[in-house]
Amino acid sequence: GWCPLSPTGAQTTQLLVEPPWRLAVLWDRVTLTCQGSGTADATTWYKDGQCWGQEGRTKAAVNVKGTYWCDRPDGGLSPPVRDSEDWLVLQVPAQVLLEGDTVTLRCRG
């Protein structure tokens, strides 16, 4: 189907990951939650740059390798979340990190 993309601008839409790792792995049960301004019914989901068929939902379960985004008309396109099926993955917390922050990394294999 046809998916509208928000105009480029302030990016207030966020894609939350549970478990909270930016690079998810397929053997985890991963739930993505789209948060941002605008109505939840207007949420559009993308997988690998294509419409993903989860329109109007704020949460989506992920069990297929790919790169995921969500879009809200008033908030823009979220930063991407990648789901990996690699044998060895270095996971980073799914949060904004600033220089000087202490970070816990997790190696999964």
**OP:** Mind ranking D48, D71 by accessible surface for me, highest first, 1.4 Å probe?
**Re:** D48, D71
Subject >> Cβ-defined net charge surrounding T44, 12 Å radius [Lys, Arg +1; Asp, Glu -1] >> reply: 0
Subject >> Positive minus negative residues near T33 (Lys, Arg vs Asp, Glu; Cβ under 12 Å) >> reply: +1
Original post:
Tell me, what is the per residue accessible area of region 14-108 in Å², probe radius 1.4 Å?
Top reply: 58
**OP:** For D48 and T104, calculate 0.36 nm times their separation in residues minus their Cα-Cα distance, and state this gained length in nm to one decimal.
**Re:** 17.4 nm
**OP:** Mind ranking W69, W45 by accessible surface for me, highest first, 1.4 Å probe?
**Re:** W69, W45
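The values are calculated or read from the model by the stated rules, or taken from the named source; none is laboratory data. On a predicted model such as this, the values are computed, not experimentally measured, just so you know. Glycine gets a Cβ as well: all are built from the backbone with ideal geometry, and neighbour counts include every protein chain shown. Heavy atoms of the whole protein, side chains included, go into the accessibility calculation; ligands, DNA and RNA do not. Shrake-Rupley method; radii C 1.70, N 1.55, O 1.52, S 1.80 Å.
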